[in-house]
1. Is it true that some residue in region 7-21 is within 16 Å of ligand 1 (Cβ to nearest atom) and open to solvent by 50 Å² or more (accessible area, probe 1.4 Å)?
2. Only one of these conditions is not met by Gly154: (1) at positive phi; (2) within 16 Å of ligand 2 (Cβ to nearest atom); (3) of a type outside the set (Val, Ile, Thr). Which number is it?
3. Can you confirm whether Val261 is modelled with pLDDT of 95 or more, part of a helix (DSSP H, G or I), open to solvent by 10 Å² or more (accessible area, probe 1.4 Å) and of a type in the set (A, V, I, L, M, F, W, C)?
4. Give the number of residues within region 349-397 that are under 28 Å from Glu433 (Cα atoms), open to solvent by 10 Å² or more (accessible area, probe 1.4 Å) and either part of a loop (DSSP other than H, G, I, E, B) or of a type in the set (Val, Ile, Thr) (or both).
5. So, in region 187-232, exactly how many residues are open to solvent by less than 10 Å² (accessible area, probe 1.4 Å), closer than 21 Å to Phe269 by Cβ and among the aliphatic types (A, V, I, L, M)?
6. Which of the numbered conditions does Thr107 fail, given that it passes all the others? Conditions: (1) open to solvent by less than 60 Å² (accessible area, probe 1.4 Å); (2) within 16 Å of Thr131 (Cα to Cα); (3) in contact with an Asp or Glu (Cβ under 9 Å, 6 or more places away or on another chain).
7. Are there any pairs, at least 6 apart or on different chains, whose C-beta atoms fall under 9 Å, with the first in region 234-254 and surrounded by 12 or more Cβ atoms within 10 Å (Cβ to Cβ) and the second among the small types (Gly, Ala, Ser) and assigned to a loop (DSSP other than H, G, I, E, B), and if so, which?
8. Go through (1) more than 30 Å from Asn246 (Cβ to Cβ); (2) not in a helix (DSSP H, G or I) for Lys439 and report which single condition fails.
Amino acid sequence: MKIEFPVPQEVTRVTETLKKAGFEAFLVGGCVRDLFLNRKPKDWDVTTNATPEQIIPLFPHTFYENTFGTVGIVNDETEDSSLKTVEATPYRIESDYSDNRHPDKVTFSQKIEDDLKRRDFTMNALAYDTTTGKIIDLFDGIKDIKDKTIRTVGKPEDRFKEDGLRILRAVRFFAELGFVVSPETEKAILENADLLKNISKERIRDEFTKIIMSEKPMDGLLLLRKLGLMKYVIPQMEEAYDIEQNHAHKYDVWEHLIRSVQTAADKNFPLEIRLTAMVHDISKPAARRWDAEHEQWTFYGHEVLGSRETKKILSDLRFPAKVVEKVTTLARWHMFFSDTEQITLSAVRRMIANVGRENIWDLMNVRICDRIGTGRPKEDPYRLRKYHAMIEEALRDPVSVAMLKIDGKKIMDVTRETPGPKIGWTLHALLEEVLDDPKKNTEEYLENRAKELFSLPENELEALGEKGKQTKEEADEEEIKKIRGKHWVK
Ligand code: ATP
Ligand code: MG
């Protein structure tokens, strides 16, 4: 079979250089599959019978980290990040996989067949010769691409036992490409799901992130559950299944969460918002209580428990600390915009003080996902504009101690006090007042008020200051105790 694909010259330069030096060289893997599908390849991989020692001297700028023989060939001129490095890897044979994840030994081969048969799926096992346009298709990969089918190269159970991550990759390609998993591959996944136990969290996270970032995360999550994989990825998601809510909700908690993620994908929101959409109600099962008087379920405090759980889920999956922190914060405050009664200008200022200026617009977007994920119609555009206007207005006002027109030093000047806890209490008591009424943020008012506060009995000033100063952690600790006291008897 001969095909002419539009391959960028940064890539053909690599294959042609190798061939001119007397070696074989093919494009291989995801890029060939994507060329067939008219999708832009994320990266370009070349496979060759040259060894790393033979590849390196042929190119001016390479790097080699000695992991499985891959040589990075750098294109210094291009701006396109997918073309910056083209990876060239010698044909590889992977011997036994006694731990279900790594080959015991990797050896280089002179035969392209060896390299293609170690690959995961038939659609990923095509080799393309950029000079002749010839395709090597030993496992009917072209047919599977045409039929939109994900099928392992060789017997699925053997291939999954070699490397359990392939199970998750099948779901990832299902979500990314909209292909279906072939029946025998699906059967082997169901029977071998527990192989995921052996796979490192980092590898699981990377495939899971691709599912969440795909166009169809909801389908991906449904398939993860259907195939019994969710408990090895995020067990808490499994618990949301079938947790019925009250009348305002058409869907159980699970379905609400996956619909919220899908909304985030439809709106092309970034990873952090998609993750928040997925977990924001994760503790509803734990917080759910029957309110006999009103004959309905309550979920009091679920956002406080939920942000704790979120931190655990994302840290377990080894997401970077910045991602964990942001998603945890957004999950903690996600209820704010859903309760329209709360939305006064001073409440918006307090919310900005809680989530941080950098997160307030993201919180609005989380709310959009939450709302549409509930099956409710889109927000009335007038009200949405009103919220936007309020946020913009509130953002101009002081929302932290650092933004006050007074500081600790000034307080000590006007009160003739020495450093001590009273200074901090005063600052936080002043911020509380300014959050309520930003017009009070003047030097004159704050200096006079600082003097007045100082003349209060110490315990009163402490109470005022601590109210504002209390860290979010402490506040949540108390909140959790209250929830426990109310529902769980201690
Ligand atoms: P993407 O478009 O996301 O880059 P991809 O198919 O290129 O998808 P990669 O993870 O970049 O996926 O891997 C490149 C190729 O290496 C795959 O197409 C496949 O042939 C092979 N491969 C990757 N991971 C495995 C694995 N766990 N087992 C077997 N083959 C694999
Ligand atoms: Mg790739």
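1. no
2. The single condition Gly154 does not satisfy is (2).
3. Values: modelled with pLDDT of 95 or more: yes; part of a helix (DSSP H, G or I): yes; open to solvent by 10 Å² or more (accessible area, probe 1.4 Å): no; of a type in the set (A, V, I, L, M, F, W, C): yes.
No: the conditions fail for Val261.
4. Residues meeting the conditions: 3.
5. Qualifying residue count, region 187-232: 4.
6. Evaluating Thr107 over (1) open to solvent by less than 60 Å² (accessible area, probe 1.4 Å); (2) within 16 Å of Thr131 (Cα to Cα); (3) in contact with an Asp or Glu (Cβ under 9 Å, 6 or more places away or on another chain) leaves (2) as the failure.
7. Gln236/Ser283; His249/Gly375; Lys250/Gly375; Tyr251/Gly375; Asp252/Ala240; Val253/Ala240; Trp254/Ala240
8. Here Lys439 clears every test but (2).
The values are calculated or read from the model by the stated rules, or taken from the named source; none is laboratory data. Model, not experiment: these values are computed from the prediction. Neighbour counts run over all protein chains shown; Cβ positions are idealised from the backbone, glycine included. Accessible surface is based on the protein model in full, side chains and every heavy atom, while ligands, DNA and RNA are left aside. Shrake-Rupley method; radii C 1.70, N 1.55, O 1.52, S 1.80 Å.
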